[in-house]
Amino acid sequence: MKKFKLFSSYSAEEKWLNEQSNLGWKLVKKKLFYTFHKNTQNSSVYAVDYRIFKNKDSYQDYLNLFQDSGWIHVAGSRLSGEQYFISLLNEDKDVSIFSDRESSQYRYKKKMINSIQGIGYLLTYLVVAILYGYFDIRMIMEPRYAFLTPGLWEKSGMEFWKAYLFELPFALIFRILPVILIIGYIILMVTYLLWAFYSQNKERKFENEN
Amino acid sequence: MKRDKNLPLTETVYYILLSLFEPLHGYMIMQKIEDMSNGQVRMAAGTLYGAIENLLKLKYIQPVFSEDKRRKVYQITEKGKEILLMDMSRMEHMITVTKQALEAGGKEDEKI
């Protein structure tokens with residue numbers, strides 16, 4: 001079963017995953033969609049951590065620490081950020097991967113830091129690429145700047161269409177697509193940043209009330 | 001004298017540093033802390049991982065050679081021992097002044 005869902009916080013996500021587990025669905029993959037398999041075992045407790053790892057060894061060490069203390073990694077990868085665990089201690093519903101509030105809150109801060117870094121890298125790349133003339137930024141407003149054939153737009157009739165269609169694939173793949181991808185990625189990172197900021201405040205407020 | 005900005009240490013940080021007088025990997029740190037604190041301090045995996053990362057950054061602990069390639073092993077550094085001792089004297093001082101206050105308070109009770 002595949003499902004798409006967005007959550008306002010990690011605790012809301014964990015709660016939903018626990019509910020799915022009670023219905024007999026076990027999470028096996030999380031990319032854009034949550035992938036579940038039918039599961040006959042007892043219901044389990046889910047926990048979501050956020051972390052990106054510099055190398056394989058650190059990631060392995062992290063997974064082993066969790067496994068040693070009773071948490072099986074079910075979804076996530078070295079660079080995915082969100083890491084999904086299920087607890088092997090089925091009888092204890094109060095079990096958590098965090099033993100204090102700060103470290104639980106720190107998930108959001110890390111996501112914010114990583115998003116800001118990502119935005120920084122992409123903007124730097126974009127600015128350098130524009131300065132070196134690799135992208136003509138005017139093409140965002142006027143796509144004709146993505147075409148480099150000299151005098152293309154002064155041509156007419158058959159001559160124009162021939163030159164235009166000849167260059168079109170190159171313009172799309174090498175000039176327009178990269179700009180769309182980079183800008184799309186920046187928008188995604190800004191969304192992540194705003195989400196983490198909003199969720200952190202929401203969860204902090206919730207915890208203070210309780 | 002200006003106090004180190006990392007003082008006072010939290011209870012968990014204090015116990016992590018104390019447990020690392022001998023080289024240990026993550027899960028062994030958790031077990032030793034639970035032991036040393038008579039089961040009072042039970043650290044969860046995510047919290048411990050973050051704390052280790054932070055202590056490495058502060059250079060209070062360092063990775064040491066590990067037979068087990070899949071689990072990193074850490075040990076306290078000189079800098080780590082220094083901060084631990086500073087925190088110990090801070091707590092000793094608190095205990096001393098507390099005892100003094102209790103004694104003085106006790107005497108006043110007698111007068112009444």
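The values are calculated or read from the model by the stated rules, or taken from the named source; none is laboratory data. Everything numeric in this text was worked out from a predicted model, so none of it was measured. FYI the Cβ positions are ideal-geometry reconstructions off the backbone, even for glycines, and counts take in every protein chain you see. All accessible areas refer to the heavy atoms of the entire protein, side chains included, with ligands and DNA or RNA removed. Shrake-Rupley method; radii C 1.70, N 1.55, O 1.52, S 1.80 Å.
If the condition is being under 23 Å from the mean Cα position of the chain (by Cα) and among the hydrophobic types (A, V, I, L, M, F, W, C), then segment A:33-45 contributes A:F33, A:F36.
Among the residues of segment A:108-117, not a single one is basic (K, R) and over 16 Å from the mean Cα position of the chain (by Cα).
Taking helices (runs of 4 or more DSSP H) that fall entirely within segment B:1-99, which contain at least 1 residues that are away from chain A (no Cβ under 14 Å) and either surrounded by 15 or more Cβ atoms within 10 Å (Cβ to Cβ) or touching a Ser or Thr at 6+ places or on another chain (Cβ under 6 Å) (or both)? Working first, answer last.
Numbers: elements: B:11-19, B:26-36, B:45-57.
So the answer is B:11-19.
All conditions but one from (1) more than 24 Å from A:Q60 (Cα to Cα); (2) touching a strand residue (DSSP E or B) at 6+ places or on another chain (Cβ under 9 Å) apply to B:S66; the one that does not is (1). Of the residues A:K30, A:K15, which single one is modelled with pLDDT of 90 or more, under 15 Å from A:F85 (Cα atoms), within 17 Å of the chain's Cα centre (by Cα) and not hydrophobic (A, V, I, L, M, F, W, C)? Result: A:K30 is the single residue among A:K30, A:K15 that is modelled with pLDDT of 90 or more, under 15 Å from A:F85 (Cα atoms), within 17 Å of the chain's Cα centre (by Cα) and not hydrophobic (A, V, I, L, M, F, W, C). Summed over segment A:46-79, residues that are out of contact with any Leu (no Cβ under 8 Å at 6 or more places or on another chain), open to solvent by less than 50 Å² (accessible area, probe 1.4 Å) and away from chain B (no Cβ under 12 Å) total 1.
Identify all residues within segment A:132-164 that are more than 25 Å from A:I182 (Cα to Cα) and exposed (fewer than 10 other Cβ atoms within 10 Å of the Cβ); write none if there are none. Once the filter is applied, which keeps residues that are more than 25 Å from A:I182 (Cα to Cα) and exposed (fewer than 10 other Cβ atoms within 10 Å of the Cβ), segment A:132-164 yields A:P150, A:G151, A:E154, A:S156, A:G157, A:M158. Got at least one residue in segment A:69-87 being within 25 Å of A:E203 (Cβ to Cβ), out of contact with any helix residue (DSSP H, G or I) (no Cβ under 6 Å at 6 or more places or on another chain), among the hydrophobic types (A, V, I, L, M, F, W, C) and touching a residue at least 60 places away in the same chain (Cβ under 8 Å)? Yes - at least one qualifying residue is present in segment A:69-87. Please work out which one of (1) of a type in the set (D, E, K, R); (2) over 30 Å from B:T12 (Cβ atoms); (3) within 14 Å of chain B (Cβ to nearest Cβ) is the condition A:D100 fails and give its number. Among (1) of a type in the set (D, E, K, R); (2) over 30 Å from B:T12 (Cβ atoms); (3) within 14 Å of chain B (Cβ to nearest Cβ), the lone unmet condition for A:D100 is (2). Looking at this structure, is A:L148 away from chain B (no Cβ under 14 Å), in a loop (DSSP other than H, G, I, E, B) and among the aliphatic types (A, V, I, L, M)? Yes: the conditions hold for A:L148.
Which one is farthest from B:K72 (Cα to Cα), of the residues in segment A:45-73 that are assigned to a helix (DSSP H, G or I) and among the aliphatic types (A, V, I, L, M)? Give the derivation first.
Start the filter on segment A:45-73 by keeping residues that are assigned to a helix (DSSP H, G or I), which leaves A:56-68.
With among the aliphatic types (A, V, I, L, M) added as a condition, the list becomes A:63, A:65.
Numbers: A:L63: 11, A:L65: 9 Å.
Checked segment A:45-73; the qualifying residue farthest from B:K72 (Cα to Cα) is A:L63.
A residue that is in contact with a strand residue (DSSP E or B) (Cβ under 6 Å, 6 or more places away or on another chain) and of a type outside the set (D, E) occurs nowhere in segment B:33-41.
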